[in-house]
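Enquirer: Dropping the structure in here first, questions after.
The values are calculated or read from the model by the stated rules, or taken from the named source; none is laboratory data. Just so you know, these numbers come straight off a predicted model, no measurement behind them. Methodologically, a virtual Cβ is constructed for each residue, glycine included, from the backbone with ideal geometry; neighbour enumeration extends over all protein chains shown.
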């Protein structure tokens, strides 16, 4: 499997924010979002066996598999199962464009799926059938850049009710939070508004 980087930090996004976590970042993505902040993962990296990846996690209880787009890796379902079999809680960060039916069904397996809003330029690549695979242990994330993104996200949630945790965050991870909170409160929907904690702490750096 092609791996961009493995590192230990705290989870900076979503429901697991602040939890010590080992991150496994794969190489490659099938999308090209206008605001992408991990373009360095599109190429390069090194080949690692599944056993090497699992060993690199060590004793840390929480693992986040991210990218790029990790589901492009053919062996990804097997890696996820190996991590679960080692007693890890696993978060899979995925961009919402690839079928997730092969992701293991397990109480410790959390899918963190994006829906790309119009500002990303990738809205037409979303696979909405994945929404049916999300449950209360998972999360659905929208990155909001402007009023158009907000209207799109709210309309989608009204048209496709989901039984999962919904998170809105600002483009860049830290900007326009007050604006976004005010807009979300006005919708009356059960939506969390969260920043990216790692960017608050370390700024726009990699491997943190």
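Enquirer: Scan the range 68-77 for residues that are out of contact with any helix residue (DSSP H, G or I) (no Cβ under 6 Å at 6 or more places or on another chain) and either in a helix (DSSP H, G or I) or within 17 Å of residue 5 (Cβ to Cβ) (or both) and jot them down.
Expert: Passing the criteria: 69, 71, 72, 73, 77.
Enquirer: Just one of 97, 112 is touching a residue at least 24 places away in the same chain (Cβ under 8 Å) and either assigned to a loop (DSSP other than H, G, I, E, B) or farther than 16 Å from residue 63 by Cα (or both); which is it?
Expert: Being touching a residue at least 24 places away in the same chain (Cβ under 8 Å) and either assigned to a loop (DSSP other than H, G, I, E, B) or farther than 16 Å from residue 63 by Cα (or both) holds for just one of 97, 112, which is 97.
Enquirer: Another question, then. So residue 166 passes all but one of these: (1) part of a loop (DSSP other than H, G, I, E, B); (2) farther than 21 Å from residue 32 by Cα. Which condition number does it fail?
Expert: (1)
Enquirer: Any residue at all in the range 27-35 that's within 17 Å of the chain's Cα centre (by Cα), without any contact (Cβ under 8 Å) to a residue 60 or more places away in the chain and either over 26 Å from residue 131 (Cβ atoms) or surrounded by fewer than 19 Cβ atoms within 10 Å (Cβ to Cβ) (or both)?
Expert: yes
Enquirer: Scan (1) part of a helix (DSSP H, G or I); (2) touching a strand residue (DSSP E or B) at 6+ places or on another chain (Cβ under 7 Å); (3) under 25 Å from residue 140 (Cα atoms) for the single condition residue 82 breaks and write down its number.
Expert: (2)
Enquirer: For the subset of the range 48-67 comprising residues that are part of a loop (DSSP other than H, G, I, E, B) and within 21 Å of residue 38 (Cα to Cα), which member is farthest from the chain's Cα centre (by Cα)?
Expert: 48
Every residue, every condition in (1) modelled with pLDDT under 95; (2) under 18 Å from residue 166 (Cα atoms); (3) surrounded by fewer than 16 Cβ atoms within 10 Å (Cβ to Cβ), yes or no:
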position: 39; (1), (2), (3): yes, no, yes
position: 47; (1), (2), (3): no, no, yes
position: 80; (1), (2), (3): no, no, no
position: 103; (1), (2), (3): no, no, no
position: 111; (1), (2), (3): no, yes, no
position: 122; (1), (2), (3): no, no, no
position: 126; (1), (2), (3): no, yes, no
position: 132; (1), (2), (3): no, yes, yes
position: 143; (1), (2), (3): no, yes, no
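Enquirer: Exactly one of (1) closer than 21 Å to residue 40 by Cα; (2) surrounded by fewer than 16 Cβ atoms within 10 Å (Cβ to Cβ) is unmet by residue 155. Its number?
Expert: (1)
Enquirer: Could you list, ordered by first residue, the pairs with Cβ atoms under 7 Å in which the first is in the range 183-207 and touching a residue at least 40 places away in the same chain (Cβ under 8 Å) and the second is exposed (fewer than 13 other Cβ atoms within 10 Å of the Cβ) and part of a loop (DSSP other than H, G, I, E, B), at least 6 apart or interchain?
Expert: Pairs that qualify, where the first residue is touching a residue at least 40 places away in the same chain (Cβ under 8 Å) and the partner is exposed (fewer than 13 other Cβ atoms within 10 Å of the Cβ) and part of a loop (DSSP other than H, G, I, E, B), are 197/18.
Enquirer: Right, next: Considering only the range 169-189, I want to know if a residue exists there that is more than 19 Å from residue 115 (Cβ to Cβ), within 19 Å of the chain's Cα centre (by Cα) and outside any helix (DSSP H, G or I).
Expert: Taking every residue of the range 169-189 in turn, at least one turns out to be more than 19 Å from residue 115 (Cβ to Cβ), within 19 Å of the chain's Cα centre (by Cα) and outside any helix (DSSP H, G or I).
Enquirer: In the range 1-41, what residues are in a helix (DSSP H, G or I) and either under 15 Å from residue 202 (Cβ atoms) or in contact with a strand residue (DSSP E or B) (Cβ under 8 Å, 6 or more places away or on another chain) (or both)?
Expert: Hits for the range 1-41 are 14, 15, 16, 40, 41.
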